[in-house]
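Accompanying notes for the structure given below.
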Amino acid sequence: MSSGVEAIKWVDNQLELLDQRLLPGQALYITCKDSTEVADAITQMVVRGAPAIGVSAAYGVVLAADAAFSEHQQAWKANIAEAIETLANSRPTAVNLFWALDRMQRVIDTLEDSSPPHQSLLDEAKNIHSEDIAANKQMGKLGAELMAASSDTPFSVITHCNTGSLATGGFGTALGVIRHGWDAKIIKHVYADETRPWLQGSRLTAWELQRDGISVTLNTDSAAAHIMKQGDVRWVVVGADRITANGDAANKIGTYSLAVLARYHGIKFMVVAPSSTVDMSLSSGDLIPIEERTGEELTSIKEVQLAPENIAAFNPVFDVTPAELIDAIVTEQGVVLNPTLDKMKALLG
Ligand SMILES: CSC[C@H]1O[C@H](OP(=O)(O)O)[C@H](O)[C@@H]1O
């Protein structure tokens, strides 16, 4: 079974990121030499996907600590705060970013100004990275088992955005379930929403699945209802950027409408996300900050104007699916069926 591509690499004490803005046409890495470059890469979506953002930010803290220690040997801890804040401000919705920064801060808090921080922080960043890959493989197994239990015959699924090795430390969340389900011959075909406006589906998911030899068809986001009506889709399987204590889930714009359509067509809806995507401090999805990006992402593609000049454009890039429309939340710690606050607390505390 393929693990996908390596979107994030720590090489010679620098962070190499596969520039996802250029895929599928070019697979080129950029090198981040300092934490500001990592923050910019997250904001510009060189690297994107909730877990991948967290992993990248963790390595960004290593770069920040190296710089702070070399400039302020006996006072590096006080001088790293600004760099961490810059990383925290890179994108607002994926809670994995803040979860990773908090984990790195907790290691910083155990260190002395007099001791070089590099190895302790690099070890933690690498732990965050490897734990994410392990979590994805566990979720892939759990999600595929749940799908297998729902049908005696193979079926098709719909997925949205990109939740593969490009969006994570490796292997993927929803695409991890698809990789397991394909391997187990439970999933016979994948419909990949193109996912306007940034086209994570057509540019990234279709690319990952085609490379894996997994049967995939690219479709417009607006074709999803028509596809569901044909009857061979049994599950919609997606990722998440933040899941609140009651089981509401923020994910790429268009996920909420997929959930409504799935419920209407009697199709199951699965959200796959590691526990680092769960934010138990928020009581409901209404409290999740929804990132709005420039309207130019709608009005043009690669400098080709698609809409009238100066047209007003509204570009929220996430929406929130209420828990009542979710049949299963799959995490590495287990599965929550028909999520509620009590069920989320029982599994994730
Ligand atoms: C494995 S979570 C990936 C998650 O992140 C994507 O958003 P973006 O591409 O803007 O970072 C999308 O919501 C995916 O479901």
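Key figures
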item: Those residues of region 235-251 which are within 13 Å of L341 (Cα to Cα) and either not assigned by TED's automatic domain parsing to the domain that holds A192 or not in a strand (DSSP E or B) (or both), in sequence order; result: A245, N246, G247, D248
item: Cβ-Cβ under 7 Å pairs, at least 6 apart or on other chains, region 316-327 side in contact (Cβ under 8 Å) with a residue 24 or more places away in the chain, far side assigned to a helix (DSSP H, G or I) and within 11 Å of the ligand (Cβ to nearest atom); result: D319/T255; T321/T255
item: Residues that are in contact with a strand residue (DSSP E or B) (Cβ under 7 Å, 6 or more places away or on another chain) and either open to solvent by less than 30 Å² (accessible area, probe 1.4 Å) or aliphatic (A, V, I, L, M) (or both), drawn from region 177-188; result: V177, I178, G181, I187
item: Among the residues listed as T340, T299, T321, the single one being within 16 Å of the ligand (Cβ to nearest atom) and assigned by TED's automatic domain parsing to the domain that holds A148; result: T321
item: Subset of region 200-210 [closer than 25 Å to L97 by Cβ and open to solvent by 30 Å² or more (accessible area, probe 1.4 Å)]; result: R203, W207
item: Region 10-54, residues that are more than 11 Å from the ligand (Cβ to nearest atom), closer than 17 Å to A167 by Cβ, touching a residue at least 40 places away in the same chain (Cβ under 8 Å) and hydrophobic (A, V, I, L, M, F, W, C); result: L15, L18, L23, V38
item: Hits in region 154-176 (condition: crowded, with 24+ Cβ neighbours inside 10 Å and in a strand (DSSP E or B)); result: V157, I158, T159
item: Odd one out for I329, checked against (1) touching a Pro at 6+ places or on another chain (Cβ under 6 Å); (2) loosely packed, with under 15 Cβ neighbours inside 10 Å; result: (2)
item: Flag if V62 is away from the ligand (no atom under 15 Å from the Cβ), touching a residue at least 40 places away in the same chain (Cβ under 8 Å) and open to solvent by less than 60 Å² (accessible area, probe 1.4 Å); result: yes
item: S115 being assigned to a loop (DSSP other than H, G, I, E, B), in contact (Cβ under 8 Å) with a residue 24 or more places away in the chain and of a type in the set (S, T, Y); result: no
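The values are calculated or read from the model by the stated rules, or taken from the named source; none is laboratory data. Predicted, not measured: the structure shown is a model, and the values here were computed from it. Ideal geometry is used to build each Cβ from the backbone, glycine not excepted, and the neighbour counts take in all protein chains shown. Keep in mind that these areas ignore ligands, DNA and RNA; they rest on the heavy atoms of the full protein, side chains included. Shrake-Rupley method; radii C 1.70, N 1.55, O 1.52, S 1.80 Å.
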